[in-house]
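This report concerns only the one structure given below.
Bear in mind these aren't lab numbers, they're just calculated from the coordinates by the rules spelled out. Remember, predicted model here, so these are calculated numbers, not experimental data. As a convention, Cβ positions derive from the backbone with ideal geometry for all residues, glycine included, and neighbour counts pool all protein chains shown.
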Amino acid sequence: MDRELTLELVRVTEVAALAASQWMGRGRKNEADEAATNAMRAMFDTVAINGTVVIGEGEMDEAPMLYIGEKVGSALSPEVDVAVDPLEGTNILAKGLPNALSVVAIADRGNLLHAPDIYMQKIAVGPRAAGKIHIDDPIEKTLEIVAKANDKRISECTVMILDRPRHQEIIEAVRKAGARVRLIGDGDVGSAIYTAIPETGVDLCLGIGGAPEGVIAAAALKCLGGEMQARLWPEDDEDRARCAKMGITDCSRILYMDDMVKGDDAIFAATGVTDGELLKGVRMLGGDMAETHSLVMRYRNKTIRWIRAVHRLSYKASMVFGSGNKPAL
Ligand code: VTB
């Protein structure tokens, strides 16, 4: 993959974030998701890759755009795998709450996990605890390891967990072991990344979230030197059949970093949609201008770039607003 692709990928998440942000706080999550997806799809057409979506919005029959297997990009090479989440945090965006992102990851063909958009059990840590944890360790042991690695007491550690009834047991186990819990409504790509950014104060991310979000977070953590381990979490036979169709026969297998993001290269890009700890959200500056804040990283060169951009909305109107999918004002 060419170095230039790193910046090209930011253009993809920027335009999706601009599109999604038009729907902020309007209580219409589906419209927001559709706007982000359409915009991301349109911008992908201008990027010189021969991309295949390997994990993302769902299979062809359930996702009209950026479905698994869909081809994106404008060139015959390089052949790349693409993982997408045009709007990570549809509910939070619909309510205007913090931490909605637009995210994307690419790697050379065959290097990203090809799986349906089912649930995935995950554990994520930053660089200092990378290589030391195991997904099946008891929570007390994991916390001891992470606290030691991050040079903290367990009582100073913060564990981020999606606020879902299915997590009641792990929430209680974390509290019992003496660590602090931060529950989030949505957005476990962000929380996995926070573990690799000490200023966030987040040491560990645990729980069951979406598989596409897991693979995208694994790409980000690969660039940041952190670690994620995971396990697909099918809910029923239909989920298992969807996995089998994609060549996954043993869903209970532990997925290590190399199972999710193989090889010696990967690029990750994220743009903030609403304000968050990682990135500021889209700001309407007036006078037809909007500001975005993005993070883009490449595994091979290890550079982490924070990019602030100012966009002329009318110039990008056809991509940002699409045809018809525009808030009625
Ligand atoms: C998580 C979260 C996402 O999906 O992956 C979650 O990070 C898992 O699904 O932002 P449930 O909401 O069913 O628990 C999201 O909330 C949205 O895709």
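The calculated FRET efficiency for MET284 paired with TRP306, based on their beta-carbon distance and R0 = 25 Å, is about 0.75. When each of LEU9, LEU143, LEU285 is scored by the number of other beta-carbon atoms lying within 10 Å, the sequence from fewest to most is LEU285, LEU143, LEU9. Here the simple spin-label model places points 7 Å from the Cα toward Cβ, and for GLU79 and SER314 these points are separated by 4.5 nm. The charge dipole of the chain, taken about its Cα centre with unit charges on the Cβ of Lys, Arg, Asp and Glu (plus for the first two, minus for the last two), comes to roughly 1000 debye. Remark: spin-label model distance ASP259-SER155 equals 3.8 nm, labels positioned 7 Å along the Cα→Cβ axis. Taking every DSSP bridge with both residues inside region 119-259, close to 65 percent are antiparallel. The GluC sites (Glu not before Pro) of region 227-274 meeting both criteria, a DSSP state outside H, G, I, E and B (loop) and at most 11 other C-beta atoms within 10 angstrom of the site's C-beta, are GLU235.
Taken as Cα centroids, region 139-187 and region 1-69 sit 32 Å apart, rounded to the nearest whole angstrom.
Using every pair of distinct Cα positions in region 38-163, the Kirkwood expression returns a hydrodynamic radius of 17.2 angstrom.
Rounded to whole numbers, the Karplus 3J(HN,Hα) couplings from phi for region 20-26 are 4, 5, 5, 9, 4, x, 8 Hz, using 6.51 cos²θ - 1.76 cosθ + 1.60 with θ = phi - 60°, and x at Gly and Pro. Put in line by how crowded their Cβ is, counting other Cβ atoms within 10 Å and starting with the fewest, TYR315, TYR256 read TYR315, TYR256. Per-residue ellipticity at 222 nm from helix content only, as computed over the chain with -39500 (n - 2.57) for each DSSP H run of at least four residues, stands at -9000 deg cm²/dmol. Here LYS245 is the anchor, and the lysines within straight C-alpha reach of less than 22 Å, apart from those fewer than 8 places off in the same chain, are LYS71, LYS262. Kirkwood hydrodynamic radius of the chain, from the reciprocal of the average inverse Cα-Cα distance over all distinct pairs: 19.6 Å.
Computed from phi, the 3J(HN,Hα) profile of region 284-300 under the Karplus parametrisation 6.51, -1.76, 1.60 (θ = phi - 60°) reads 7, 8, x, x, 6, 10, 9, 10, 10, 10, 10, 10, 9, 9, 10, 5, 4 Hz, with x in place of Gly and Pro.
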